[in-house]
Structures are given as structure tokens and as C-alpha cells.
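Here the structure is laid out as C-alpha cells; the discussion comes afterwards.
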Amino acid sequence: FPAAFQERLDRAIANRVSGVPLVLVVMPLSQGRDGIAEPLSGQLPPALAGKPLDEPAYVTAFANYTVRLAEKLNPDYIVSGLEVNDLYINNPAMWPAYRRFNVNLTQELKKRLNGIPLSQSITLHNFFSEAKGDAGHEDAVKELLLEQDFTAVSYYPFLYGAYDDPAAYEDAFDLLQTLTRKPVAFTETGNIAERLVVRQFGVDLPGTEAAQARYVSALLRRAQQDDYLFVINWASQDFDALTA
């Protein structure tokens, strides 16, 4: 691995909290969820350069990468793609190749990972914004979820104006029950506790501590009611330091 990444990995191993389950998330897609991830080293090896994601060499490379991290971190769950339905929204032409890649990757990982549960996460909030009313998107997600050991969910209500809308939370939780019968885990979620302004991206979002508390309370109640596997509050603080 590049030195900077190896340092991050060593730090993660050293800071592993004993007795707390670990979720390992790895990502084959770009940060914008619209293409293949950029290589950490800055340059792809010749075996991958210019190749589509469903090329067998990509499957082998990403399987090796995931297994190598799993051997170091000993996770309890693995999410081998982050918010992947956004690729269907942002670059639908690439979705069939991603699906072929994912099917082959999952088969390879199941052979090599000794029963660690596998999933790829989906954004629940985008069902109410970018993909609202898109039947093709919903069908594609349902097909994807059938192949997973558990359903991994990313949900941020403040991203579609529902930061203080308990009815919207319940609609989202109810929709999830129609998408899957697999065990559900919220692999990342949260609601901001104060106004968030990021001028360089034109972001100005409302938030209050009371709204945050209402969301967390609603989420944990549904987690108990619907027997979610786990819930991860993605950011323990609001995003000011991250975006400064």
C-alpha cells in the first residue's frame, strides 16, 4: 500500500476497540458515485488501465484488496460498496457493469472470507429526492438487495429537507420494509444539530439539537421494533471541522 494509506491502516488496527463489533467498508466506486474509484497510487497497473469495472482483473484485484484488509482488521461485517444505488442515478449506463462486477466479487469473497456477512449499502434518502418516483431505480435496488446477507442503509434526512419531519422518518423506515426482507443495518446515518453552511459548495442546511434528538429517538425506536442488526451514527460531531 502507499505509505499514507498504510499509516491509516496501522492506526485503525492500533485503535480497534476491544469487544465492539467492527464494520469494514471498502469502495470500488468514485467519490461522486459515478465511475470507478481513483487508484491510491495515482496510476492504475497495466492490467486494469482502460478496462471496464466488470473486467475479471478488477474483480480479482478488489477481492484481494478486501481480503487483505479483512485479514488485518478482522471485521464482523463487510460492506463492499458504499451507497451504490447512487451509481444507478448518476451514471445509469455503468450500472449493468457494476452489477456483473458485484455478483462475481460477492462469489469470490464468500469463498475466501469464512462466513463474514457481506453487503453493499444503499442511500435511503435518495428515494425521496434524486430517485423519487423512479420505478427502474427501485427495481434495481430490490434486485441488488436479494443478493446480500444483510441490507446496509445510508440515511440522512437533512439532505432532502426532512431534518425535523418525524413523518418523513417513518415514511423512510416504512419504505425500507417494502424493499427487503433481509436483516437491516444502518451503516451510516445522522441528523445535524445546528445550521450547516459550506460556502464553497453552496450548502446552507438547517438543523437543531431538538430535531437531532427527535430523529435519533425515532431511529432507535424503529431499530428495536424492526429488529435492525445495528445502527452507526456516522459523525459524532457536526461537519464544521470536516469542511473548514
(request) Among the candidates Leu9, Leu53, Leu40, single out the residue that is within 20 Å of the chain's Cα centre (by Cα) and over 26 Å from Trp95 (Cα atoms). (result) Leu9
(request) Taking the residues in the range 44-80 that are surrounded by 20 or more Cβ atoms within 10 Å (Cβ to Cβ) and touching a helix residue (DSSP H, G or I) at 6+ places or on another chain (Cβ under 7 Å) as candidates, determine which candidate is nearest to Val23 (Cα to Cα). (result) Ile78
(request) Pick out, from the range 46-165, the helices (runs of 4 or more DSSP H) lying fully within it that include 1 or more residues that are basic (Lys, Arg). (result) 56-73, 95-112, 135-146
(request) Considering each of Tyr228, Tyr163, Tyr215 in turn, give the residue that is in contact with a strand residue (DSSP E or B) (Cβ under 9 Å, 6 or more places away or on another chain), open to solvent by less than 10 Å² (accessible area, probe 1.4 Å) and not charged (D, E, K, R). (result) Tyr215
(request) Using the structure shown, decide if Leu105 is more than 16 Å from the chain's Cα centre (by Cα) and open to solvent by 50 Å² or more (accessible area, probe 1.4 Å). (result) no
(request) Can you tell me which residue among Asp34, Asp10 is in contact (Cβ under 8 Å) with a residue 24 or more places away in the chain and open to solvent by 60 Å² or more (accessible area, probe 1.4 Å)? (result) Asp34
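The values are calculated or read from the model by the stated rules, or taken from the named source; none is laboratory data. Bear in mind that the values here come from a model prediction, so they are computed numbers and not experimental data. Cβ atoms come from the backbone with ideal geometry, glycine included; neighbour counts cover every protein chain shown. What goes into the accessible areas is simple: the full protein's heavy atoms, side chains included, and nothing from ligands, DNA or RNA. Shrake-Rupley method; radii C 1.70, N 1.55, O 1.52, S 1.80 Å.
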